[in-house]
Amino acid sequence: MLQRFSIGGWFFPAAIVTAALAVPALHAQMHKVAPPEKVTRAIAVYEWTGDLAKPTAARIVPVTLFINGHLEDAGVYLTRPMPFALQSGDVYSIEQAGKAQGTIDIDYARNILPPGSTADVAAVGAWYGYGKYAPLPPPAKPKPLKPSVHIASIDGGSADDDRPRFVGKQPNQSPTDDSTPAKPTTTASSTTPADDPDRPHMNRRPGSSSDDSSTSTTTASTDTGTVPDSDPDRPTLRHRDPTPDTPEKKRSKNSDSAVIPMATSLNDDPDRPSMRRGKPAGLTTSPELVTLPPDLHQIAAVSDAVNRDPHIFAREWSTPTDRTETLTQLETLAQPRVAQYLTTYHLTPPALNTTGPSTTTTPGPDSRTRASTTPSATSKPTTHRKPIVPSAPPPQLLEEQLTPYTLSYGGLPTFVYTAQSPITTGGPVYITLVAQRLPSGELQTSFSSVTDASHLDRTPWFRLVDAVDPDASHRASLLFELRAQTTRQFALYRLITAHAEQQFITGTIQ
């Protein structure tokens with residue numbers, strides 16, 4: 001039985017109603033979703049001593065590898081036999097806050113064991129890449145524009161007055177009548193004048209007849225088989241040699257296709273490739289950097305499988321006093337943290353050069369017991385007062401560094417502040433602060449770390465390397481070096497909320 005539906009008082013068959021409802025669903029299934037972009041991107045740290053253009057020693061330290069949608073430790077990923085991020089031929093772009101400074105072409109990689117360890121001991125080494133630094137080439141100068149030799153003109157003398165026509169230089173024509181303009185002709189002399197320098201010319205081949213068409217026709221009718229002997233493209237027909245093939249003729253014919261064996265061994269081939277361990281011969285790379293010298297410089301390096309548009313994460317100071325005001329605010333945030341750390345670990349800052357009240361005593365046999373025990377009549381009773389303890393001065397902050405960033409499009413201004421505070425015993429106290437400026441103008445602390453030279457194994461020293469984009473998302477993360485007493489690590493911190501979150505940390509490097 002045929003089913004019917006009532007819509008607005010009208011009855012329709014069920015098939016028509018079902019087809020009408022299926023039309024929007026059909027259009028919804030035609031929506032195409034583009035697959036996500038596959039990103040393969042490596043982050044490393046380029047370390048060198050001396051000048052960047054001509055370093056005394058240098059190396060590449062792999063940090064992260066973004067592949068298959070997540071981060072991997074670039075120092076150990078696919079180590080077969082060397083890491084995937086240190087393959088020979090990999091090119092790293094040396095960048096400072098996203099701005100390219102030069103390139104490093106990896107020539108070879110080495111697994112450096114810690115000092116005092118041997119190959120037969122299970123020691124954890126570190127893979128380093130070595131190559132030559134190449135600065136960016138200067139930008140190409142634009143070629144100066146040259147004026148055109150032949151200026152195009154618009155001729156409206158055709159039958160259609162509204163139709164423009166581009167023509168070249170017109171031949172000299174003598175006006176026949178001043179009242180009647182000359183009509184354009186379609187002859188060969190008017191369209192392609194003889195004195196037009198852009199007109200193509202047809203030249204005859206040397207040796208051919210230069211007579212008129214009638215002479216050429218007469219010559220062709222009387223002598224049709226005449227071809228110049230000097231024509232290099234003329235085909236030549238040869239008769240077959242009727243002499244039968246003799247053994248001597250066969251031997252001479254096959255002599256050109258015979259295989260002549262080499263007089264020497266294959267090992268004497270100068271073009272034969274050879275595989276050797278260690279540094280390839282003939283390379284002009286920088287000397288290898290193995291230890292951690294005190295004058296070590298660091299900068300971020302990025303290697304991507306795709307050439308992408310640069311994203312600069314450095315922030316310019318808005319006013320001439322912006323840096324001074326920001327530095328003063330960060331010092332106000334850093335000094336209480338350093339003072340609390342000194343009190344917690346009973347560390348003493350160096351004494352300041354202050355002058356206090358001096359006391360004098362009369363020299364004698366026993367100046368310490370000179371005061372008489374018998375009270376005199378004029379002496380007054382002394383009252384004991386509590387000594388006034390002066391307030392401790394704020395700790396000193398030396399070696400201050402302030403780096404401003406804008407980590408994402410429209411993000412809050414981010415500042416990274418590092419400083420050192422001297423103490424009487426041991427090394428200095430290291431402090432690292434990361435703060436963001438709110439729209440109200442105040443600084444909000446997102447990350448802080450305080451440690452000293454004797455407690456580096458408990459709390460490492462956070463040394464800023466730079467801001468990098470590890471996954472090509474146009475959102476930068478802060479790259480830190482976590483240095484302990486004898487080891488170090490590299491970590492990425494991302495500021496999405498009010499507090500910095502650790503995004504990735506590498507293995508320990510000795």
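No value in this document is a laboratory result; all are computed from the given coordinates. This is a predicted model, so every value here is computed, not measured. Glycine gets a Cβ as well: all are built from the backbone with ideal geometry, and neighbour counts include every protein chain shown.
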- Which entries in the list Lys38/Lys132; Lys54/Lys143; Lys99/Lys146; Lys99/Lys141 go over 26 Å, if you measure between the two C-alpha atoms of each? Lys38/Lys132; Lys54/Lys143; Lys99/Lys146
- Would you work out the charge dipole size for segment 398-499 about its Cα centre, treating the Cβ of every Lys and Arg as +1 and the Cβ of every Asp and Glu as -1, and quote it to the nearest 20 debye? 140 debye
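Give the peptides 411-422, 65-76 in descending order of average Cβ contacts within 10 Å, highest first.
Answer by packing, highest mean first, reads 411-422, 65-76.
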- Under a 5 Å amide H to amide H cut-off, with H placed in plane at 1.01 Å, what residues pair with Tyr133 once short-range neighbours are removed? Ser286
- In whole angstrom, and with the biggest value first, how far do the Cα coordinates of segment 303-344 range along each principal axis? 52, 31, 8
- Just check segment 381-510 against the gyration tensor rule for me: Cα atoms, a ≥ b ≥ c as the square roots of the eigenvalues, rounded for a/c under 1.5, and otherwise prolate or oblate depending on whether a/b exceeds b/c. oblate
- Task: Report the equivalent ellipsoid semi-axes for segment 457-510 in whole Å, largest first, defined as the square roots of five times the eigenvalues of the gyration tensor built from alpha carbon atoms.
- Result: 22, 12, 9
